[in-house]
Amino acid sequence: MRTPYVLIVGCGRLGSHLANLLSAQAHRVVVIDRNEAAFARLSAESFSGFRVVGDASEPAVLRKAGIEKSDLLITATHEDNLNLMVALVAKRVFAVPHVMARVYDPARERLYHDLGVETVCPTLVAAEHFFDLLSRAAGSGGGAK
Amino acid sequence: MKAILVGAGRPLYFLAQTFRRKDHAVTLIVRDAAESSWLANQSDATVVHGDGSNDRVLEDAGARSADLVLAATANDADNLIICQQARARFAVPRAVALVNDPDNQAIFAALGVDAISPSMTVASLVEQWATCDRVTHLVPAGNGKVTISEVTLGDSFAFAGRPIAELGFPRDALIAVVMRDAETLVPRGDTKLQRGDRVLLVALAESHGLALQLLTGGG
Amino acid sequence: MDIVHSDATVSRLSVVIVGCGRLGSLAARRLYEAGSHVQVIDRSAASCGVLPPSLAAAARIGDPLLPDVLRAGGIDEADCCLAATENDTLNAAVAMMCSRLFCVGLTLACIADQPRARSYRRLGIDVLCTVELAAAKVVERIRQIAV
């Protein structure tokens, strides 16, 4: 398969890091943010994608960012509800093949799954990683002081 | 009917009072703590303090037994998710969102959520009143896509005595009923309209203006 | 290689969790359910309300930068300390104190900002960067899609 076309909504900590990471791996990346200043987080060396200033809840902005040819869209703004709304529009209106939404509140994941949106919850991912590290530490004899 | 209204400020207060006056059981969900205690003092509705897009808060407000959820916050995304939660998690029979940005009405419809745009509704009402004082009973239907209005044909009506077919009416506008004196008739293409007739006009929103123009001015 | 969560090994551990936000409270709850000895430290009693009652009752309320507060939270006996307040810098400072002053075997500072996480690593602090971990999950998902 050709390199995926990835649309990232929100250029905050997660959005910008992901954009830098994917762009460095030669993915085609477009980042949307309401606030142009947010693009300062993009790395001059690794990011070679496109930036679109605009409100991603407007279909015209999503079109301008090339949503119709994107393989994956991930929403990573600071608002859970906006993330879910844009994800739903991407999935149901534009039929984007893969849609993910960042979710802050782990208790919300169920709603997203009910609506057919994949999620990434940094809190859950971090908790799992923490448990892995703990199991390793305990397994290597570090436990029970 | 048991209604849950989600929103803020005086608009929510007046909405609550309107529902209460019609004897509906009303629960309000308000995000701001100070405001929720203000509303609890002001109105006799039950007030739940919290984020209405959170399923636990909706549950506390009694979503399981609610007949209606009206999401009327200032944030369209919040309103959309409130309705999705109400429908998906609690099977509330009717969940309606207010959209602040009129363009979101079409998006919400595509996502299966009923939406009302207050600004669009007010604008179209005012527009009709401003252009034509002979129009009464303006009723939006079909999610605002259809307007039903009653028009009295005045002196400026240019097609008096001529068959409806000659009006050059837009395709998606229809004169449903003609009321003349005590008589009420369902018109056909050859029915001749007269000044003083009251007609019931049904039209899609985009053709409503042109149809009205033909009936009131003839231009 | 995936390491399967083994409650049996984790349950032998004594863990101090500083900061009872989303991550801190989730980690505390899971460890508690796994049978570990968990102690939570937070500046505010209110944020500990989300914990299981016995954990909330045992929580230490105070400034985690004060050695006495950490001691009262059982840092001397701890095998692990997770610094998970909302403040990246505070987490780094707590982690440094726990590892260098109290010689806790495994100390982790939760850092939301990725560039900051990189710079703290250079200072020798073990960092759990939520943004990096979440991004890695997305990249992994894209790899699956692209195959």
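The values are calculated or read from the model by the stated rules, or taken from the named source; none is laboratory data. Everything numeric in this text was worked out from a predicted model, so none of it was measured. Cβ: placed from backbone, ideal geometry, glycine included. Neighbour counts: every protein chain shown.
Take the stretch A:91-102 and flag every residue that is within 16 Å of the chain's Cα centre (by Cα) and either within 10 Å of chain C (Cβ to nearest Cβ) or surrounded by fewer than 20 Cβ atoms within 10 Å (Cβ to Cβ) (or both). Within the stretch A:91-102, A:97, A:98, A:100, A:102 qualify.
Check every one of the helices (runs of 4 or more DSSP H) wholly within the stretch B:65-176 and list those with 2 or more residues that are of a type outside the set (S, T, N, Q) and modelled with pLDDT under 85.
On the way: elements: B:76-90, B:104-110, B:118-131.
Fully inside the stretch B:65-176 and qualifying: B:118-131.
Restricting the first member to the stretch C:69-96 and to residues that are closer than 11 Å to residue C:41 by Cα and within 12 Å of chain A (Cβ to nearest Cβ), and the second to residues that are hydrophobic (A, V, I, L, M, F, W, C) and assigned to a loop (DSSP other than H, G, I, E, B), the beta-carbon pairs closer than 7 Å and six or more apart or on different chains are C:75/C:102; C:75/C:104; C:81/C:104. Residue count for the stretch B:73-82 under the criterion of being surrounded by 24 or more Cβ atoms within 10 Å (Cβ to Cβ) and among the aliphatic types (A, V, I, L, M): the result is 3.
Taking residue C:143 as the residue in question, decide whether it is under 30 Å from residue A:20 (Cβ atoms), touching an Asp or Glu at 6+ places or on another chain (Cβ under 6 Å) and part of a helix (DSSP H, G or I). Outline the logic, then answer.
Numbers: under 30 Å from residue A:20 (Cβ atoms): yes; touching an Asp or Glu at 6+ places or on another chain (Cβ under 6 Å): no; part of a helix (DSSP H, G or I): yes.
No.
Here's a check for you: in the stretch A:24-42, which residue that is aliphatic (A, V, I, L, M) and not in a strand (DSSP E or B) is farthest from the other protein chains (Cβ to nearest Cβ)?
Quick first cut of the stretch A:24-42, residues aliphatic (A, V, I, L, M) only: A:24, A:26, A:29-32, A:37-38, A:40, A:42.
With not in a strand (DSSP E or B) added as a condition, the list becomes A:24, A:26, A:37-38, A:40, A:42.
Numbers: A:24: 11, A:26: 11, A:37: 16, A:38: 14, A:40: 12, A:42: 12 Å.
The qualifying residue farthest from the other protein chains (Cβ to nearest Cβ) is A:37.
Of the residues A:62, A:21, A:88, which single one is within 11 Å of chain B (Cβ to nearest Cβ), in a helix (DSSP H, G or I) and under 23 Å from residue C:139 (Cβ atoms)?
Details: A:21 fails: within 11 Å of chain B (Cβ to nearest Cβ); A:88 fails: under 23 Å from residue C:139 (Cβ atoms).
Of A:62, A:21, A:88, the one residue that is within 11 Å of chain B (Cβ to nearest Cβ), in a helix (DSSP H, G or I) and under 23 Å from residue C:139 (Cβ atoms) is A:62.
Would you confirm, using the coordinates I've provided, whether residue C:11 is out of contact with any strand residue (DSSP E or B) (no Cβ under 7 Å at 6 or more places or on another chain), touching a residue at least 24 places away in the same chain (Cβ under 8 Å) and surrounded by 24 or more Cβ atoms within 10 Å (Cβ to Cβ)? Give the steps one after another, and end with the answer.
Values: out of contact with any strand residue (DSSP E or B) (no Cβ under 7 Å at 6 or more places or on another chain): yes; touching a residue at least 24 places away in the same chain (Cβ under 8 Å): yes; surrounded by 24 or more Cβ atoms within 10 Å (Cβ to Cβ): no.
It is false that residue C:11 is out of contact with any strand residue (DSSP E or B) (no Cβ under 7 Å at 6 or more places or on another chain), touching a residue at least 24 places away in the same chain (Cβ under 8 Å) and surrounded by 24 or more Cβ atoms within 10 Å (Cβ to Cβ).
Keeping to the stretch A:34-56, report how many residues are surrounded by 24 or more Cβ atoms within 10 Å (Cβ to Cβ) and of a type outside the set (A, V, I, L, M). Summing the residues that are surrounded by 24 or more Cβ atoms within 10 Å (Cβ to Cβ) and of a type outside the set (A, V, I, L, M) in the stretch A:34-56 gives 0.
Selection of the stretch A:1-29 for residues being on the phi < 0 side of the Ramachandran plot and of a type in the set (Gly, Ala, Ser) yields A:12, A:15, A:16, A:19, A:23, A:24.
For residue B:64, the conditions (1) loosely packed, with under 15 Cβ neighbours inside 10 Å; (2) touching a Ser or Thr at 6+ places or on another chain (Cβ under 6 Å) all hold with the exception of (2).
Residue C:109 falls short on exactly one of the conditions (1) outside any helix (DSSP H, G or I); (2) within 7 Å of chain A (Cβ to nearest Cβ), and that condition is (2). Candidates in the stretch B:181-219 are the residues that are within 25 Å of residue B:140 (Cβ to Cβ) and polar (S, T, N, Q); of these, the one that is surrounded by the most Cβ atoms within 10 Å (Cβ to Cβ) is B:216.
Only a single criterion out of (1) at pLDDT below 95; (2) within 14 Å of chain C (Cβ to nearest Cβ); (3) in contact with a helix residue (DSSP H, G or I) (Cβ under 8 Å, 6 or more places away or on another chain); (4) closer than 26 Å to residue C:23 by Cβ is not satisfied by residue A:74, namely (1).
Looking only at residues that are facing chain A (nearest Cβ under 10 Å) and more than 18 Å from residue A:131 (Cα to Cα) in the stretch C:118-139, which one is nearest to the chain's Cα centre (by Cα)? Before you say what the answer is, go through the steps one by one.
Just the residues of the stretch C:118-139 that are facing chain A (nearest Cβ under 10 Å), to begin with: C:126, C:128-139.
Applying the additional criterion that residues be more than 18 Å from residue A:131 (Cα to Cα) yields C:135, C:138-139.
Values: C:135: 19, C:138: 23, C:139: 24 Å.
Filtering the stretch C:118-139 for residues that are facing chain A (nearest Cβ under 10 Å) and more than 18 Å from residue A:131 (Cα to Cα), the one nearest to the chain's Cα centre (by Cα) comes out as C:135.
Where residues in the stretch B:70-114 are small (Gly, Ala, Ser), over 21 Å from residue B:18 (Cα atoms) and under 19 Å from the mean Cα position of the chain (by Cα), which of them is nearest to the other protein chains (Cβ to nearest Cβ)? Per the criteria, the residue is B:110.
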